[in-house]
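The structure appears right after this line, and notes come after that.
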Amino acid sequence: MATLHRWSVMLPAAALLLAAGTVAAADYPTRPIRIIVATAPGGGTDLTGRNVARTMSDLLRHPVIVENRPGAGSATGTDYAARATPDGYTLLVSSASSMVMNGFLYKNLPYDSLRDFVAVGFIAAYPFVLVTRADLPPGNLAEFVQYAKERPGKLTYASPGIGSVQHVWGTILFKSLGLDLLHVPFKGAAFGHQEMLGGRIDAMFDNLSASRPYVESGRMKGLAVSTPRRASQLPAVPTVNETGLGQFDGESWMGMFAPAATPPAMVGKLREIFVEVARDPDFVARINHNGGYVMAIPPQQQQQFLRKEIERWGQLIRKYGVAAN
């Protein structure tokens with residue numbers, strides 16, 4: 001009888017919470033929405049977050065504010081978003097680096113992507129391109145592989161920091177090709193670019209949107225892109241796969257997330273809003289202009305997509321011994 005009584009109390013309480021969540025979603029939004037970006041202003045995640053905030057604000061005719069909370073890689077802001085009140089008014093725009101890579105690179109990470117977050121929309125994906133300094137002799141990937149193998153440990157590759165996608169994917173790519181290159185982390189991709197332009201860094205596996213201007217102007221060489229198909233922004237650059245030298249399939253994506261305890265009705269409302277954001281012509285044009293494309297992952301498949309990304313890259317990180325120390 002005690003067990004039955006306990007359930008009789010809990011069921012109405014759960015029903016009330018569900019009803020409250022439904023009412024809140026119906027009235028949403030009634031106050032400003034915050035989008036947490038766990039990096040400093042000016043980077044790719046920050047620009048994406050501001051793109052989303054701008055379009056959401058226009059569509060909802062309501063304030064949507066970006067709040068930067070950098071620190072500890074991206075762990076500080078991400079953990080803050082995970083612990084926020086799950087009411088739909090504090091969201092997180094984050095990247096594959098924070099939501100996928102960090103869990104395998106750092107011990108005692110304060111958040112767990114699958115446990116602490118629910119995806120409400122995957123925003124955009126960007127190809128990567130392997131670039132080298134313009135005066136490096138190799139002119140294609142095959143020549144680069146041969147050149148590097150003849151100089152083990154002598155060539156360098158840059159990244160915007162340990163644990164970044166550029167670091168993780170660069171290490172996986174080079175090791176899968178049997179190469180021994182020295183990783184040189186910087187505090188931001190722009191510093192790596194400048195060192196390459198100055199002839200002090202040899203290569204970088206970087207976001208196409210950031211590297212394209214240098215390739216198009218001839219200040220860097222583009223040797224291969226990371227996607228299964230060539231990138232429309234650099235159509236002359238082959239994919240890694242089509243060179244026959246190795247296999248690589250990766251796009252750097254960014255998504256919008258809510259705390260895991262957000263009521264289902266509110267999650268549904270947020271996903272509906274994001275569908276409208278992703279259809280907005282100006283939003284799509286801004287993403288395309290930056291070298292990416294708007295992702296179209298149905299709501300019912302979003303958590304599955306995140307889970308598969310974690311499984312896939314986790315296997316490769318372990319296989320090739322990528323570490324954050």
Any hit, region 289-309, residues being among the aliphatic types (A, V, I, L, M) and more than 17 Å from the chain's Cα centre (by Cα): no
Boolean, Ala134 is under 18 Å from the mean Cα position of the chain (by Cα) and either modelled with pLDDT under 95 or over 26 Å from Asn51 (Cβ atoms) (or both): no
Pairs where the first residue, in region 204-224, is under 20 Å from Ala148 (Cα atoms) and the second is among the aromatic types (Phe, Trp, Tyr), C-beta under 6 Å, 6+ apart: Met204/Tyr157; Phe205/Phe128; Phe205/Trp169; Met220/Tyr214; Leu223/Phe144
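Per-residue answers, yes or no, for (1) in contact with a helix residue (DSSP H, G or I) (Cβ under 7 Å, 6 or more places away or on another chain); (2) assigned by TED's automatic domain parsing to the domain that holds Ala265; (3) surrounded by 18 or more Cβ atoms within 10 Å (Cβ to Cβ):
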| residue | (1), (2), (3) |
| --- | --- |
| Thr30 | no, yes, no |
| Asp46 | no, yes, yes |
| Val64 | yes, yes, yes |
| Thr78 | yes, yes, yes |
| Met101 | yes, yes, yes |
| Tyr111 | yes, yes, yes |
| Arg115 | no, yes, no |
Condition broken by Gly163, with the remaining ones in (1) in contact (Cβ under 8 Å) with a residue 60 or more places away in the chain; (2) in a loop (DSSP other than H, G, I, E, B); (3) more than 15 Å from the chain's Cα centre (by Cα) satisfied: (3)
Residue list for region 179-191, restricted to those being touching a helix residue (DSSP H, G or I) at 6+ places or on another chain (Cβ under 9 Å), over 19 Å from Glu143 (Cβ atoms) and modelled with pLDDT of 90 or more: His183, Val184, Pro185
Residue in region 39-67 that is nearest to the chain's Cα centre (by Cα), counting only those that are small (Gly, Ala, Ser) and over 18 Å from Thr90 (Cβ atoms): Gly44
Yes/no for Val131 being outside any helix (DSSP H, G or I) and either surrounded by 19 or more Cβ atoms within 10 Å (Cβ to Cβ) or in contact (Cβ under 8 Å) with a residue 12 or more places away in the chain (or both): yes
Any hit, region 259-276, residues being of a type in the set (Val, Ile, Thr), in contact (Cβ under 8 Å) with a residue 24 or more places away in the chain and touching a Gly at 6+ places or on another chain (Cβ under 7 Å): yes
Residue match in region 269-291 (condition: touching a Pro at 6+ places or on another chain (Cβ under 8 Å), within 14 Å of Ala125 (Cβ to Cβ) and assigned by TED's automatic domain parsing to the domain that holds Asp58): yes
Ser176 being on the phi < 0 side of the Ramachandran plot, modelled with pLDDT under 90 and either touching a Cys at 6+ places or on another chain (Cβ under 9 Å) or surrounded by fewer than 19 Cβ atoms within 10 Å (Cβ to Cβ) (or both): no
Ala265 being surrounded by fewer than 21 Cβ atoms within 10 Å (Cβ to Cβ), at pLDDT 95 or above and closer than 22 Å to Val100 by Cα: no
Cβ-Cβ under 6 Å pairs, at least 6 apart or on other chains, region 168-194 side aromatic (Phe, Trp, Tyr), far side in a helix (DSSP H, G or I): Phe186/Gly192
Residue match in region 250-260 (condition: farther than 25 Å from Tyr28 by Cβ and either among the aromatic types (Phe, Trp, Tyr) or not in a strand (DSSP E or B) (or both)): yes
Any hit, region 54-64, residues being in contact with a Gly (Cβ under 7 Å, 6 or more places away or on another chain), of a type outside the set (Lys, Arg) and at pLDDT 95 or above: no
Some residue of region 284-300 being buried (at least 22 other Cβ atoms within 10 Å of the Cβ), among the β-branched types (Val, Ile, Thr), touching a strand residue (DSSP E or B) at 6+ places or on another chain (Cβ under 6 Å) and part of a loop (DSSP other than H, G, I, E, B): no
Residues located in region 205-237, provided they are part of a loop (DSSP other than H, G, I, E, B) and either surrounded by fewer than 17 Cβ atoms within 10 Å (Cβ to Cβ) or not assigned by TED's automatic domain parsing to the domain that holds Phe144 (or both): Ser217, Gly218, Arg219, Pro228, Arg229, Arg230, Ser232, Pro235, Ala236
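The values are calculated or read from the model by the stated rules, or taken from the named source; none is laboratory data. Predicted, not measured: the structure shown is a model, and the values here were computed from it. No Cβ is skipped: glycine too gets one built from the backbone with ideal geometry, and neighbour counts run over all protein chains shown.
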